[in-house]
Amino acid sequence: MAMLQSIVVFTLLLLMLILIIILILFAFKPWRFFSFSLFSFSSRSRSIKVEDVERPLVSDDVNHSQDQSNDLTRNYDVEGACYQSEALLRSPRNKGLVHKQRLPPASHHLAQGDSLVLEISDPSEDLLVGQTLKRPLATEHLIEALKLGRPENQNENSIQEFVPKVISDQRSCLSLEVVSGPSRGIRCSVQSTNPSRLPLTLGRVSPSDLLLKDAEVSGKHAMITWNSNKLKWELVDMGSLNGTLLNSQPINHPDSGSRQWGHPMELASGDTITLGTTSNIQVHILSQNECMVPFGVGMILDPMSLRRGGKKLPMEDVCYYQWPLPGIDQFGVFGICDGHGGVEAAKSASKILPEMLATILSDSVIRERVLSQHDASDVLKDAFLRAEASMNNYYEGCTATVLLVWADADENFYAQCANVGDSACLMNVGGKQIKMTEDHKISSYSERLRMEGMGEPLRDGETRLCGLNLARMLGDKFVKQQDSRFSSEPFISEPVHINQTSGAFALLASDGFWDVVTAKKAIQLVAQEREKELMAESEKENLAEKIANVLLNEARTQRTKDNTSIIFLDFDSTSRRISCKVDDP
């Protein structure tokens, strides 16, 4: 009993001691000193000198992301047919993968008050893996950094890459034409240097600049502005009720009932804007140089988005032209690229090919040889070779048809064409029809002969390889690795001397046009339109543009089911018009 009492007393004393210790701890809070020490140590550990900054690894494999950047295989091949071996064309990847970049090391020896500019390298234009990073993002960071100020002794090289190139003439000519709907035929034009007429508004009621008498168009439907930082025209939906489509893709705010504005989208020449469901507007953009083309140019394209049983067809054609080529006054290029598996390969090729031609022709020896021999075969072949090497499109490809036009010292014009795929070019000089391209479908006779010569003939009835019906294209590097019969070597035409008094013209078009319109019919339509123009007493429009529209309407009438792109070049000096019809500001 005595022992039990002793244990109880000891336990009580121990509990009282513990309670006293706890009270003392709460009274003096000694952990404050310990916490402060930890905080100080942690702060010091996070204070990193500029020279110790390292590039944090955000993406596990940037190169892998770039290699997969064009893995956007769609459900349609060149003719719109479904891939029968689609699984073979896709590579395994994680959906929604976002490509992010490493941050480069900061500059050393920054003094107090200096602005720290982190250089973010510009991602590839073709990169579309989950999300695309664009140059304007870096430019915005540059503007913010410049606002903070920079001492005179700061190294200018740290921001040199961000500074936009100074362009002496930023004039751009935007023309809109309503090509379908109740207001078909209405046109509107404006120049980027005329701020009093900007922004350009599209809607059903005044004071919209382009009035569309269409019940499906909102009173204030969409707006076009000139972005002087990007030197681009931009389209934005103004919270319309029925939405706005750009090349068959919606650009309005996803919450259609909120009446919120969408995000600005860049416009390119040949784009199609759809307001509601029936009003289609064709976009034409010309630079100052393009207004100086010494012959008539008409360019137009249509996705034909509702021709396939009501199912929308993605726009994968890209039209382009440059006159003159940068720094090469006597040369210009006109081209069409028709993409398959997506539009990115066509976009890449349409950008790279003119650049390569300009680079090659900048060599005075090469340029003089072309002018003296009237032959640019080697230049065109080399440009295609370099373009294919520069393109990183593994799961997308495109046709490429390029017409190079140049003038010699006596102002005689010459033209020569190179192509891969089935976008074709036809010329007519003095009533003589000249085929400037070769068809590279798997089923074509020339391609079957080529493959037989390689010792790998096609089987009887075989019209596709790896699901594709083309044997030559740019891009599609994955299938080229699987089958050596695919090629990117272009067919190159003979050079053509153009007599400007012979009614000469050139017609480039994608297969969406040639599938339904014969060469004979196209020539007949051109002749009829020229005859109408000669008989008309009213003030004449740009005849080349008018003919391009007539040809496109014929493809619509014949109910083509593919994207259709047309470039018409009118070399006839008697019918020449200035391409840009906008009044000077």
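Computed over the range 325-408, the Cα gyration tensor eigenvalues convert (square root of 5λ each) into semi-axes of 26, 11, 10 Å, ordered from largest to smallest.
Cross-link pairs exceeding 32 Å in C-alpha to C-alpha distance, out of Lys213/Lys351; Lys347/Lys532; Lys351/Lys441; Lys312/Lys480; Lys480/Lys520, comprise Lys213/Lys351; Lys347/Lys532; Lys480/Lys520. Fully extending the segment from Asp382 to Arg184, taken as 0.36 nm per residue of separation minus the present Cα-Cα distance, adds 66.9 nm. With the whole protein complex present, Glu545 retains an accessible surface near 30 Å², based on a 1.4 Å probe. Quick one: Cα centre-to-centre distance for the range 325-349 and the range 374-423, in angstrom? If you average the Cα positions of each part, the centres end up 9 Å apart. Estimated at 0.36 nm per residue, the fully extended path between Glu489 and Glu411 surpasses their Cα-Cα distance by 24.9 nm.
Taking label points 7 Å from Cα along the Cα-to-Cβ direction, Asp363 and Leu14 give a separation of 9.5 nm. Between Glu452 and Glu355, the distance separating the two model label sites (each 7 Å from Cα on the Cα→Cβ line) works out to 4.1 nm. Summary of packing: across the peptides 450-456, 564-570, the per-residue average of other C-beta atoms within 10 Å ranks them, highest first, as 564-570, 450-456.
Accessible area of His253 (1.4 Å probe, protein heavy atoms only, ligands and nucleic acids ignored): about 50 Å². Averaged over residues, the count of other Cβ atoms within 10 Å places the peptides 12-24, 202-214, 338-350, 499-511 in the sequence 338-350, 499-511, 202-214, 12-24, highest first. Rolling a 1.4 Å probe over the protein heavy atoms leaves Arg259 with an accessible area of roughly 120 Å².
Please compute the contact order of the range 412-553 in relative form: average sequence separation of alpha-carbon pairs under 8 Å and at least six residues apart, divided by the residue count, as a percent. In percent, rounded to a whole number, it is 31.
The values are calculated or read from the model by the stated rules, or taken from the named source; none is laboratory data. What you are looking at is a predicted structure, and each value in this text was computed from that prediction instead of being measured. As a convention, Cβ positions derive from the backbone with ideal geometry for all residues, glycine included, and neighbour counts pool all protein chains shown. Accessible surface areas use protein heavy atoms only, side chains included; no ligands, DNA or RNA. Shrake-Rupley method; radii C 1.70, N 1.55, O 1.52, S 1.80 Å.
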